[in-house]
Amino acid sequence: MFNTLSDRLERSFKILKGEGRITEINIAETMKDVRRALLDADVNYKVAKTFTDTVKSKALGQNVINSLKPKELMVKIVHDELTQLMGGAEAPLNLSGNPTVILMSGLQGSGKTTFSGKLARRLKSKGRRPLLVAGDVYRPAAIEQLKVVGEQVGVPVYTEEGNRNPVEIARNAIAQAKGRYDLVIVDTAGRLAVDEAMMDEIEAIKNAIKPQETLFVVDAMTGQDAVNTAKAFNDRLDFDGVVLTKLDGDTRGGAALSIRSVVEKPIKFVGTGEKLEDIQEFNPEGMASRILGMGDIVELAKRAQEVYDQKEAERLQEKIRKNKFDFEDFMHQIQQIKKMGDLKGLASMIPGVGKAIKDIDIDNDAFKGIEAIINSMTPDERHNPEIINTSRRQRIAKGSGSTLQDVNRLLKQFEETRKMMRMATNMKNPMKLMKQMKGRGGMPGMPGMKR
Ligand SMILES: Nc1nc2c(ncn2[C@@H]2O[C@H](COP(=O)(O)OP(=O)(O)OP(=O)(O)O)[C@@H](O)[C@H]2O)c(=O)[nH]1
Ligand SMILES: [Mg+2]
């Protein structure tokens, strides 16, 4: 995400390396570079100018009172200003109303239908009962597409065969939803470009159903065009928030950085892939961190929390403590990590890692070899890795299409991991660790000694 911009900014900051303090001269030079980097990322020129002017005056202002080195100070100020530029804080959806009604708008191919599915899936997992509404009545394929999406996420789709009036359909769907569904997501038709008929239609739907949220969906790859389209839609619809899709591609960043200050509406979500789980709440601070190659720990923690299960974690800890952590658990952990999203994306959220692995191919098949080996074990072997002797190893290698070395390596790593985990767990319980080190006894009757 925004790799070129990240590199360019980093290079701009290098101007300040070795400088004792920020001066009118070195800051002017740095800002010239930053501005060019922003313009090359397709940021609106007015936005870029205001941005660098602000950063410059803040840098000169904070120079004297700050103990940071010029380069560090610059990174900090740019980080804060990028965060502000993208809206400062997260802008959550307004989920009031029963049912809550969310209306999608946007040009053809921007990702409305896909995002409708993503949002339905996301909110369903948070306990909502969504209904998807096929308001794109012009192409039979469009209704079909929404049905497929609905099926994939396990959410019903409201359609009216033969009715070509999306206003009526949306109204009927909401009436039907009352009492049965608490969230109605209305997908609509897009056009190739902004045209009056489309604007009239979406405006009519909005007026008729009075949604809690009207979202404008836009393809981030289209850069400044995205900003212009957003403006046109906002002038007519006064929408509530923006959804930036296709942020997974080699988007330069212009749309993400300019849209907020041009239309004065927050970006609420981003789409980061074609799959229905590729959705993130937009977090300005996290995005600023990522642009500056600082990772995004907040998003990483959020993802972990989504798949994290307290009970399961406790069960695992107990197993680790008793040295019973086995290949079943190991496999389960791998599945959990896979649920968090694509590996490269995850890794890039770790501070410092994004830049390091930028050109390295990490695909989600990384676990494939390991999974194959574990799948070739018998349940007994998975539970008691100790019994896996040489002939069993040979059989497993054959069964999984890997070599004996692969199997040996995995078993060795597994054993080491198990040891480390046990040490880490017992570290929290120093008494137990002592007991373990002494090999026996310890001090009976002390807390933490119970088994
Ligand atoms: N890479 C990537 N592709 C996406 C994303 N969101 C949508 N797409 C793809 O973009 C294409 C268009 O998406 P749709 O959801 O059909 O777009 P739409 O706005 O409903 O289009 P119309 O119904 O024709 O107006 C599809 O091929 C999607 O798979 C995303 O976040 N990343
Ligand atoms: Mg569509």
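The values are calculated or read from the model by the stated rules, or taken from the named source; none is laboratory data. These figures come from a predicted structure and were not determined experimentally. Ideal geometry is used to build each Cβ from the backbone, glycine not excepted, and the neighbour counts take in all protein chains shown. Ligands, DNA and RNA are stripped out before the accessible areas are found, and what is left, the full protein with its side chains, is counted by its heavy atoms. Shrake-Rupley method; radii C 1.70, N 1.55, O 1.52, S 1.80 Å.
General observations
- Unique residue being within 12 Å of ligand 1 (Cβ to nearest atom) and within 28 Å of Ala91 (Cβ to Cβ) when the list is Ala134, Ala142: Ala134
- If the condition is being touching a Leu at 6+ places or on another chain (Cβ under 9 Å) and either buried (at least 21 other Cβ atoms within 10 Å of the Cβ) or of a type in the set (Lys, Arg) (or both), then segment 260-271 contributes Arg260, Ile267, Lys268, Phe269, Val270, Gly271.
- In segment 160-172, the residues that are within 16 Å of ligand 2 (Cβ to nearest atom) and at pLDDT 95 or above: Ile169, Ala170
- Checking segment 144-154 against the condition returns a match, with at least one residue being of a type in the set (Gly, Ala, Ser), over 20 Å from Phe216 (Cα atoms), open to solvent by less than 10 Å² (accessible area, probe 1.4 Å) and in the same structural domain as Ile267 (by TED's automatic domain parsing).
- Restricted to segment 93-131, and to residues there that are away from ligand 1 (no atom under 16 Å from the Cβ) and among the polar types (S, T, N, Q), the residue that is farthest from the chain's Cα centre (by Cα) is Asn98.
- For segment 93-138, residues that are open to solvent by 20 Å² or more (accessible area, probe 1.4 Å) and more than 13 Å from ligand 2 (Cβ to nearest atom) total 14.
- Among residues of segment 230-253, those that are touching a residue at least 60 places away in the same chain (Cβ under 8 Å), crowded, with 22+ Cβ neighbours inside 10 Å and outside any loop (DSSP other than H, G, I, E, B), counted: 3
- Residues in segment 158-181 that are surrounded by 21 or more Cβ atoms within 10 Å (Cβ to Cβ), within 13 Å of Leu132 (Cβ to Cβ) and of a type outside the set (A, V, I, L, M): Tyr158, Tyr181.
- Identity of the residue in segment 1-31, under 18 Å from Ser348 (Cα atoms) and polar (S, T, N, Q), that ends up modelled with the lowest pLDDT: Asn3
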